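The structure under discussion appears below in the form of structure tokens.
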Amino acid sequence: MGARLPSFKPVLTALAAALALSLPAQAQEGDPVAPLFEALQSASPEQTPQLAAEIRETWSRSGSAAIDLLVERGREALGAGDRQEAIEHLTAAIDHAPDLAEAHVLRANAYYLAGLTGPAIEDLRAALAHEPRHFGALQGFAALLEEMERPEAAREVWGRVLALLPQDAQAREAARRLDIMLGGRTL
């Protein structure tokens with residue numbers, strides 16, 4: 001993985017800069033997920049997964065039944081382990097609804113599982129450009145940073161996930177693990 005890292009540095013740097021400028025995101029008027037994000041701030045660990053699922057479900061709706069079907073088929077193909085089919089369905093959805101952040105995140109997962117880290121990073125960047133609060137994109141970005149041995153940057157991004165999902169077990173564990181690894185160094 002070390003040999004591929006230098007080619008991703010400019011992309012990761014640009015993504016980190018975009019994150020710094022866009023987060024924390026302000027709720028926009030008429031934002032259908034704003035009340036759910038507010039509820040997450042006081043949610044119990046048991047309530048958090050359901051609220052997060054409701055947010056992702058809302059983010060999956062494009063307003064077009066055909067595009068929503070492509071996203072759902074992409075999600076199903078991803079769940080069945082058919083990365084290529086997932087990429088095809090999600091690419092079709094993104095071609096018609098390029099601002100649909102959830103489709104970008106799902107396709108990033110498929111690209112990553114197919115060993116295509118560059119396109120995965122690009123899709124995470126696109127998702128965050130459209131929805132800076134997309135905790136799934138942030139989680140994927142943090143995991144990639146850890147994999148690329150950038151623990152300080154990964155810890156910062158996991159902290160952003162925790163700001164959105166304070167009771168998320170995965171983010172809490174990752175932050176704890178990285179805090180131990182970093183030996184208490186501040187970010």
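The values are calculated or read from the model by the stated rules, or taken from the named source; none is laboratory data. Just so it is clear, the model here is predicted, and its values are computed rather than measured. Every residue, glycine as well, gets a Cβ built from its backbone with ideal geometry; the counts of neighbours run over all protein chains shown. These accessible areas exclude ligands, DNA and RNA; they are computed on the full protein's heavy atoms, side chains included. Shrake-Rupley method; radii C 1.70, N 1.55, O 1.52, S 1.80 Å.
Here Ser62 passes the criteria (1) in contact with an Asp or Glu (Cβ under 6 Å, 6 or more places away or on another chain); (2) buried (at least 20 other Cβ atoms within 10 Å of the Cβ) except the one numbered (2). Within the range 75-113, the set of residues being part of a loop (DSSP other than H, G, I, E, B), open to solvent by 50 Å² or more (accessible area, probe 1.4 Å) and within 22 Å of Leu138 (Cβ to Cβ) comprises Pro98, Asp99. Kindly evaluate Gly140 against the criterion of being in contact with a Lys or Arg (Cβ under 9 Å, 6 or more places away or on another chain) and assigned to a helix (DSSP H, G or I). So Gly140 fails the test.
Set side by side, the residues Gly118, Gly183 differ, and just one is surrounded by fewer than 21 Cβ atoms within 10 Å (Cβ to Cβ) and outside any helix (DSSP H, G or I), which is Gly183.
Given the criteria charged (D, E, K, R), out of contact with any Lys or Arg (no Cβ under 9 Å at 6 or more places or on another chain), modelled with pLDDT of 95 or more and more than 25 Å from Leu51 (Cα to Cα), does Glu149 qualify? Lay out the reasoning, then the answer.
On the way: charged (D, E, K, R): yes; out of contact with any Lys or Arg (no Cβ under 9 Å at 6 or more places or on another chain): yes; modelled with pLDDT of 95 or more: no; more than 25 Å from Leu51 (Cα to Cα): yes.
The answer is no for Glu149.
Restricting the first member to the range 116-135 and to residues that are within 15 Å of Val161 (Cα to Cα), and the second to residues that are of a type in the set (S, T, N, Q) and crowded, with 22+ Cβ neighbours inside 10 Å, no beta-carbon pair is closer than 7 Å while six or more apart or on different chains.
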